[in-house]
1. Just checking, how many residues over the stretch 49-69 are surrounded by fewer than 16 Cβ atoms within 10 Å (Cβ to Cβ) and either farther than 27 Å from Gln35 by Cβ or more than 11 Å from the chain's Cα centre (by Cα) (or both)?
2. Output the number of residues of the stretch 11-32 satisfying the condition of being under 12 Å from the mean Cα position of the chain (by Cα) and open to solvent by less than 90 Å² (accessible area, probe 1.4 Å).
3. How many residues does the stretch 33-44 contain that are open to solvent by 60 Å² or more (accessible area, probe 1.4 Å) and over 9 Å from the mean Cα position of the chain (by Cα)?
Amino acid sequence: NAPAAERHLRRVGELARDADAIFTTAGYAADEFAQYREPFSTELDKGLAGGPDCAAISVALKPIADACESCHHALK
């Protein structure tokens, strides 16, 4: 369902933008998280640029997941 997928991607982006406070409280510098959040947000924006289109979102999921994973591996 393309509209639902788009809605979920938007929600993930909102969570990423709001996560600074969580990471700062956990002891990470805001700029440390930001260096990973920015590429992640860029990939999300690319994925959302086509609107609710299953094919476009499907293609965008791999770079979004890769950007997400880079942060999870780095900030362990």
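The values are calculated or read from the model by the stated rules, or taken from the named source; none is laboratory data. On a predicted model such as this, the values are computed, not experimentally measured, just so you know. We place every Cβ from the backbone using ideal geometry, glycine too, and count neighbours over all the protein chains shown. In case anyone asks, the SASA skips ligands and DNA or RNA and just uses the protein heavy atoms, side chains included. Shrake-Rupley method; radii C 1.70, N 1.55, O 1.52, S 1.80 Å.
1. Residues in the stretch 49-69 being surrounded by fewer than 16 Cβ atoms within 10 Å (Cβ to Cβ) and either farther than 27 Å from Gln35 by Cβ or more than 11 Å from the chain's Cα centre (by Cα) (or both): 9 in total.
2. 4
3. Residues that pass the stated criteria total 1.
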